[in-house]
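For reference, the structure is listed below as structure tokens.
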Amino acid sequence: MSTETMKAVRIHEFGGPDVLRYEDAPKPVPKPGEVLVRVHAIGLNPPDWYLRDGYRALPPEWRPQVDFPLILGTDISGVVEAVAEGVEGFSVGDEVYSMVRFFSVGESKAYADYVSVPAAELAMKPAGIDHIHAAAAPMSLLTAWQFLVELGHGEPNPLQPRPHRPVPLEGRTVLVNGAAGGVGHFAVQVAKLKGARVIAVASGQHEAMVRDLGADDFIDYTKTPAENVARDLDLVLDAVGGPTTGRFLKTLKRGGALFPVYPLGFSDAEEAERRGITVSATQVRSSGAQLAELAGLLEDGTIRAVIDSTYPLAEARQAHERAARGHIQGKIVLTVGQ
């Protein structure tokens, strides 16, 4: 173990935002095949607070067993500090971004000055954007891409017996529920990029933003439930998901598809089968190759990360409190050394 230390945000027990501690921690030493990155920015994602809370929403037998203290987080943008043996394509000084070791909950990760990253999960940071916007992208954009365009990995699907398969988007009508959030605002852009007509569902305060990202139509769910007005859809990407996602089945054509990003609690499988609708989900996985592909779209502005708010790393607790208040527009990002 390294004798050098760094600043990190760690948890020593599960609980609310108050369990996040900004403190000294061992500086990681990259193993063969890994790259040490000096972190400049960290994107927040729901799995961060799910893990902080001990994944209490899951059945007890599914809850991860971890060793404390633990550093949360996955999404980083920064600069290569060191390269271990067996790594090609990265050099000291390169600006890079990554979703680090997901899905793995037992290893220390991103809320820190430094993180060691498997080289296969790393890509060059898009040159046209800063570290804050780069760190906002990995998990949310990869989720949208793996659901809608290309799965990009062969890992077993823990959510269903068959692999998730995206559906053709060109010329189709796609509804994105939760369109202003992290996954949702990227899903709007990806679906539009692939030729779909996009209906965005969010609260009215976010309408201008999601229309600016390319949404063709908008439904303010605070005034009208989307399932009461949307019809003849080819695909619903429900970025909110959960037990209520079945309400969208009646909005879909026979032969359509419902993709809940958070599928736990879905209980309408029989109705979906009766209506001829495919319900499918997947769990996002790290992919440096896909991040390298997506970097070009982020660099030229074809896809944009929207920033809700930023906080210094030392204020991770306040960032989690902001997330708990909901109605996030885009992404929350922690900054390091700025």
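Computed from the coordinates by the stated procedures, all read-outs in this text should not be read as laboratory data. The structure displayed is predicted, hence computed values, not measured ones. Cβ coordinates were reconstructed from backbone atoms using ideal geometry, including for glycine residues, and neighbour counts include every protein chain displayed.
Read phi for every residue in region 8-24 and hand back ³J(HN,Hα) as whole Hz from Karplus 6.51 cos²θ - 1.76 cosθ + 1.60, θ = phi - 60°, with x for Gly and Pro.
My calculation for region 8-24 gives 8, 9, 10, 10, 10, 6, 7, x, x, x, 5, 7, 6, 10, 8, 7, 6 Hz in order.
Given R₀ = 41 Å, what would the calculated FRET efficiency be for residue 85 paired with residue 160, taking r from the Cβ atoms and rounding to 0.05?
Numbers: r = 39 Å, r/R0 = 0.95.
Approximately 0.55, to the nearest 0.05.
Return the sequence-ordered ³J(HN,Hα) values of region 65-82 in whole Hz as given by the Karplus equation 6.51 cos²θ - 1.76 cosθ + 1.60 applied to θ = phi - 60°, using x for Gly and Pro.
After applying 6.51 cos²θ - 1.76 cosθ + 1.60, I find 9, 10, 9, 8, x, 9, 9, 7, x, 9, 8, 9, 9, x, 10, 5, 9, 7 Hz.
Placing unit charges on C-beta atoms (Lys and Arg positive, Asp and Glu negative, everything else neutral), compute the dipole magnitude of region 147-220 about its Cα centre in debye, rounded to 20.
Numbers: 7 positive and 8 negative charges, 54 e Å.
So the magnitude is around 260 debye.
If the cut-off is a Cα-Cα distance under 23 Å, which lysines reach residue 223, setting aside same-chain residues fewer than 8 apart in sequence?
250
Please report, in debye to the nearest 20, how large the charge dipole of region 242-338 is about its Cα centre when each Lys and Arg carries +1 at its beta carbon and each Asp and Glu carries -1 there. Before the final figure, lay out the partial values.
On the way: 12 positive and 10 negative charges, 72 e Å.
Value, rounded to 20: 340 debye.
On the principal axes of its Cα set, how long, how wide and how thick is region 156-279? Give whole Å, largest value first.
Reported extents, whole Å, longest axis first: 39, 29, 25.
Here are some pairs, 192/253; 109/331; 109/192; 7/31; 253/331; which of them have Cα atoms lying more than 22 Å apart in this structure? Working shown, then result.
Details: 192/253 20 Å; 109/331 19 Å; 109/192 33 Å; 7/31 20 Å; 253/331 32 Å.
Violating the 22 Å limit, Cα to Cα: 109/192; 253/331.
At a 10 angstrom cut-off on C-beta neighbours, averaged per residue, how do the peptides 238-248, 218-228 rank from highest to lowest? The partial results should precede the final answer.
Details: 238-248: 20.3, 218-228: 15.0.
Per-residue Cβ counts within 10 Å, averaged per peptide and sorted highest first, yield 238-248, 218-228.
What do you get for GluC sites (Glu not before Pro) in region 2-48 restricted to DSSP loop and a cutoff of at most 13 other Cβ within 10 Å of the site's Cβ?
Those that pass, being in a loop and sparsely packed, are 4, 13.
Rounded, prolate or oblate: which fits region 102-156 when a ≥ b ≥ c are the square roots of the eigenvalues of the alpha-carbon gyration tensor, with rounded for a/c under 1.5 and prolate only if a/b beats b/c?
On the way: a/c = 1.91, a/b = 1.12, b/c = 1.72.
It comes out oblate by the Cα gyration axes.
Counting only DSSP beta bridges with both residues in the chain, what percent are antiparallel, rounded to the nearest 5?
Working: 33 of 58 bridges.
Restricted to the chain, the bridges split so that about 55 percent are antiparallel.
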